[in-house]
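The values are calculated or read from the model by the stated rules, or taken from the named source; none is laboratory data. Just so you know, these numbers come straight off a predicted model, no measurement behind them. Every residue, glycine among them, receives a Cβ derived from its backbone with ideal geometry; neighbour counts consider all protein chains shown. Surface accessibility is based on the protein's heavy atoms, side chains included, excluding ligands, DNA and RNA. Shrake-Rupley method; radii C 1.70, N 1.55, O 1.52, S 1.80 Å.
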Amino acid sequence: MSAETRRAPLVGALVAEGVSFVGTRVSMIAIPWFVLSTTGSATQTGLVAAAEIAPLVLTKALGGPLLDRVGPRRVTLTCDLLSSVVVAAIPLLHHLDLLAFPTLLVLVAVAGALRGPGDAGKSAMSPEIARVGGWSLERVTGLAAAVERTSTMAGAALAGLLVASIGAANALYVDAASFLVSFVVFAVATTGLGRPVPAEDGADATSYATELRQGWDFLRTEPVLVAVCVMVAVTNLVDQAWSAVLAPVWAKDSGAGVAVLGTLFAVMSGASVVGALVAARWGERLPRFRTYVLAFLVAGAPRFVVMALDSPVWTVFVVVAVAGVASGFLNPILGAVILERIPAPLMGRVSSLNTAICWSLMPLGGILGGLAVTGLGLSPALLVAGTVYLVTTMAPARVPSFRAMDRAPAESAGAVTPAR
């Protein structure tokens, strides 16, 4: 197999994810701004965010055995195709004056439910793509993080321009188109990969519930994975509150506007690309635990504090840019730690369950962010969020098992063989 052939699945997967992330970032800015500008309610804005994340988490948690049975590639392609239809329905119904708030909640929930197994399928294929290309997991997850941050930066900037020029509803057509492009690219690039897990010779068939339990039984016996899941779950909640409610309200109340908000997200994403590329190139040589601690100290609380203190916009941009560079180191490290500990036969169900737990508190992020702004005011809400972020990310430093992230398990790929 030539080098070009071996690299094709990785390149195609990265391109497909990049296009999809651009569209997703557009909707992440367009939908909250649409709700905030039409209702003026931070609480309703948070409800919309929760309506997307809750089913996303649920389908991630329950969809693991489906990935192993049907194959992650087939699941991903089906979800991308259906997502394009659901997302396009939002602006279409708005233009037909048929988009009541409950209807918006339903459509956003369906879109989230489709994203769950679709994203999990892409993640579950990462080890196979790495093996085919002859890459280390640190390098693959680092490149994936760099693509995610780059496309998120582009999507954030594009979202600000689109919302300001053609309106939030029309901007969602871009997200719908991105799912179609991702579908085509991923289908072509990953042909022959992502097949279902073959049944063991002579093994009895097992139920879907049994396979779900097998994933949970393995996950709960891995102290490093448990520590990562709990920590990331809380930080994702706070990040969701920041991106879905706190930052948009800051932009609106300060007079900065949606264009500045989009640019701010773009700067953070662009800066994180630098960190992700460095991690992809030299991540194998970095001490994982120390890098984790330093990166979270810089990437977490400072951006909340600088907004809470009503600092000049340029100061907010500087702090967010530095935070972005630090955050770029996190996904490559945590991604490699997680994937290298999951046995190949359990990859679909454990990786999707792990992601579901990490995302499990995100539905509360928008709601709690909206309630905090309404009940406390913007600045106190930002300070509380920053404090929670700092305590959560530094707490694992005192857990002995968490330091095991510096040591890869000797035989992760064959540790457990489930009955099928």
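In table form, for the structure just shown:
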quantity: Every residue from the range 84-139 that is of a type in the set (Lys, Arg) and closer than 17 Å to VAL19 by Cα; calculated: ARG115, LYS122
quantity: Verdict on SER352 being among the hydroxyl-bearing types (Ser, Thr, Tyr), in contact with a Lys or Arg (Cβ under 8 Å, 6 or more places away or on another chain) and either open to solvent by less than 40 Å² (accessible area, probe 1.4 Å) or farther than 25 Å from THR24 by Cα (or both); calculated: yes
quantity: Index of the failed condition, GLY257 passing every other in (1) at pLDDT below 80; (2) on the phi < 0 side of the Ramachandran plot; calculated: (2)
quantity: Residue tally, condition surrounded by 19 or more Cβ atoms within 10 Å (Cβ to Cβ), over 19 Å from LEU92 (Cβ atoms) and over 21 Å from the mean Cα position of the chain (by Cα), over the range 136-185; calculated: 0
quantity: Close pairs from the range 79-90: first closer than 17 Å to THR59 by Cβ and modelled with pLDDT of 90 or more, partner assigned to a helix (DSSP H, G or I) and basic (Lys, Arg), Cβ under 8 Å, at least 6 apart; calculated: CYS79/ARG115; SER83/ARG115
quantity: Residue match in the range 381-392 (condition: more than 21 Å from the chain's Cα centre (by Cα), at pLDDT below 80 and β-branched (Val, Ile, Thr)); calculated: no
quantity: Elements of type helices (runs of 4 or more DSSP H) in the range 59-176, at least 3 residues being within 25 Å of ARG7 (Cβ to Cβ); calculated: 72-95, 101-124, 126-133, 137-166
quantity: Residue within the range 122-130 that is surrounded by fewer than 24 Cβ atoms within 10 Å (Cβ to Cβ) and β-branched (Val, Ile, Thr) present; calculated: no
quantity: Any hit, the range 65-72, residues being modelled with pLDDT of 80 or more and closer than 28 Å to GLY275 by Cβ; calculated: yes
quantity: Total residues in the range 56-91, condition out of contact with any Phe, Trp or Tyr (no Cβ under 9 Å at 6 or more places or on another chain) and of a type in the set (Lys, Arg); calculated: 1
quantity: Test: residue in the range 19-31 that is over 16 Å from the mean Cα position of the chain (by Cα) and part of a helix (DSSP H, G or I); calculated: yes
quantity: Residue among PHE317, PHE289, PHE296, PHE265 that is open to solvent by less than 20 Å² (accessible area, probe 1.4 Å), of a type outside the set (Gly, Ala, Ser) and either closer than 17 Å to LEU378 by Cβ or at pLDDT 85 or above (or both); calculated: PHE296
quantity: Failed item in (1) at pLDDT 80 or above; (2) under 24 Å from ARG73 (Cβ atoms), with PHE329 passing the rest; calculated: (2)
quantity: Number of positions in the range 1-13 that are modelled with pLDDT of 80 or more, open to solvent by 30 Å² or more (accessible area, probe 1.4 Å) and of a type outside the set (Val, Ile, Thr); calculated: 1
quantity: Exclusive hit being open to solvent by 30 Å² or more (accessible area, probe 1.4 Å) and small (Gly, Ala, Ser), set GLY23, GLY40; calculated: GLY40
quantity: The one condition in (1) closer than 19 Å to MET28 by Cα; (2) open to solvent by 50 Å² or more (accessible area, probe 1.4 Å) that VAL274 fails to fulfil; calculated: (1)
quantity: Filtered residues of the range 9-23 (kept if over 17 Å from ALA176 (Cβ atoms) and of a type in the set (Val, Ile, Thr)); calculated: VAL11, VAL15
